[in-house]
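Encoded as structure tokens, the structure appears first; notes follow it.
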Amino acid sequence: MSLALYSRSIKAAALVGSGLASFSRTRRSAEATILTFHGLSENTGDRSILDWSLHLNVDAFRNICSMLAKEYRVISLADLVEARSQGSGLPDNSVVITFDDGYASNYELAFPILREFGLHATIFVATGFLDGVEMFWFQRVDLALGRTQKELLDWRINGKKRRLYLGTYELRQQSLRQLLPELKELSDTDLLAEVGRLEAALEVSAPTFSDLPKAMRPMTWEMACEMSLSGHVDIGGHTHTHPILAHCDVMAMRAEIATCRDRIHAELGELPFAFAYPNGGPDDFTRETLMLVREAGFKAACTTISGRVHDTVSMHQLPRYGSPESVLEAKATVSGAFETLKDWRQSCLKAMSMI
């Protein structure tokens, strides 16, 4: 566990143990929470993958779902959007579960748990990934660093020199953490070219879908269709090739959004109502992106900007929290304890500045 995750875990335990989570759950009951997951895995930590942050252990997910089913009201994203659009209230302590990307583990591991506890989720899929024609660029980087025979690589990116140490699994993980933020600064075209250049320098070939470790594999359209028909899952859009949309020109943005919508319609027989911006931070989409998402007919869109859903939130900039790693972290998140603590800190700082 990284230092940041360890610190968050300790903070979550303190918030729950102190009673602040219980206090916040009552005080903020009218606010809804949207949680973001990606993939799940039964073998988290397998060294075939460097970045396990996208693949939560399935037992942790089961425990989180069990807690949510007992203590909260898990509703569909469609219900949340309809209620907020009409100005009507939501059930107290509402929680929405979402997944991004479209991993096979959503069907193989998450779907049975959702059915077991009678819960609903929205899965935002990158349609080129499900088509088996567009692998995620970050998967290629992960596999390139993990499979190279080199133990050191001097690399230059964004005008900076980076020495990538690759002698151990832990050093490869560290090098991946250094590279990912730098790659995300590039335009989509330059990013893909940089990934190809990196693979060549590391003397590894671009992977095929059959090369992907189990946790990285995409779901099939048959899986998506079965889940959609079950009543437990809605399928939403997440672009076609998973670019950071703010790094694309307007024509490329329009194509990514429209192709994604049309592929889902063609395969599932209905238009998706919701969209999620890849990466999803405040700098990852633009006003043009918002316009194109609305133009494509999506009634709502999710970011990855942390926050709770209240009356004034834009339906096309819905905040979501990242994947909680444990029941304690989930409780601290969905109760609003993290937000309450942040509010108290800001109030204390304001009061001190007036002294």
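General remarks:
- Take the convex hull of the alpha carbons in region 130-217; its mean projected area over all directions comes to 5.8 nm².
- Rh by Kirkwood over Cα pairs, then Stokes-Einstein D for the chain at 1.002 mPa s and 20 °C, µm²/s: 101 µm²/s
- 3J(HN,Hα) from dihedral phi, region 295-311, Karplus parametrisation 6.51/-1.76/1.60, rounded to Hz, x for glycine, proline: 4, 6, x, 6, 7, 8, 8, 9, 9, 10, 7, 5, x, 9, 8, 10, 4
- Karplus-derived HN-Hα couplings along region 237-245 (A = 6.51, B = -1.76, C = 1.60, θ = phi - 60°), whole Hz, x at Gly and Pro: x, 9, 6, 8, 10, 6, x, 6, 5
- Region 231-272-region 4-75 distance, computed between alpha-carbon centres (Å): 27 Å
- Inter-label distance, D311 to E222: 5.0 nm, where each label sits 7 Å from its Cα along the C-beta direction.
- Computed from point charges on the beta carbon alone (+1 for Lys and Arg, -1 for Asp and Glu), the dipole magnitude for region 174-308 about its Cα centre is near 420 Debye.
- Simple Cβ-charge dipole of the chain, Lys/Arg +1 and Asp/Glu -1, about Cα centre, in debye nearest 20: 1300 debye
- For G307, distant residues with modelled amide H under 5 Å away: R320, Y321
- Scaled radius of gyration (Cα, divided by 2.2 N^0.38 Å) that region 166-263 gives: 1.35
- Net length gained if the chain between E203 and D46 were fully extended (0.36 nm per residue, minus Cα distance): 54.2 nm
- Amide H contacts of G237 (H built 1.01 Å from N, under 5 Å, at least 5 apart or other chain): V125, A274, F275, A276
- Inter-label distance, nm, simple model (7 Å from Cα along the C-beta direction), D249/R162: 2.7 nm
- In order along region 209-219, phi translates into HN-Hα couplings of 4, 6, 7, 5, x, 3, 5, 8, 6, x, 6 Hz, rounded to whole numbers, per the Karplus curve 6.51 cos²θ - 1.76 cosθ + 1.60 with θ = phi - 60° and x for Gly and Pro.
- Taking amide H as placed 1.01 Å from N in the peptide plane, the amide H of Y103 sits under 5 Å from that of M219, each at least 5 places away or on another chain.
- Three-way shape call for region 230-310 based on the alpha-carbon gyration tensor, with the a/c threshold at 1.5: oblate
- Tensor-based shape of region 1-85 (alpha-carbon gyration tensor, a/c under 1.5 rounded, otherwise prolate or oblate): oblate
- Projecting the Cα positions of G17, A83, G102 onto the charge dipole of region 3-125 (unit charges on Cβ atoms of Lys, Arg, Asp and Glu, taken about the Cα centre) puts G17 furthest along the positive direction.
- Cα gyration tensor shape for region 51-105, rounded if a/c is under 1.5, else prolate or oblate: oblate
- With 21 Å as the limit, the listed pairs K11/K331; K161/K184; K11/K342; K160/K184; K214/K331 have K214/K331 beyond it between alpha carbons.
- Probe 1.4 Å, all protein chains present, accessible-area order of R287, R163, R25, largest first: R287, R163, R25
- Expected 222 nm ellipticity per residue - DSSP helices of 4 or more, -39500 (n - 2.57), all of the chain, to 500: -14000 deg cm²/dmol
The values are calculated or read from the model by the stated rules, or taken from the named source; none is laboratory data. What you are looking at is a predicted structure, and each value in this text was computed from that prediction instead of being measured. As a convention, Cβ positions derive from the backbone with ideal geometry for all residues, glycine included, and neighbour counts pool all protein chains shown. We work out accessible area using only protein heavy atoms, side chains counted, and drop any ligands, DNA or RNA first. Shrake-Rupley method; radii C 1.70, N 1.55, O 1.52, S 1.80 Å.
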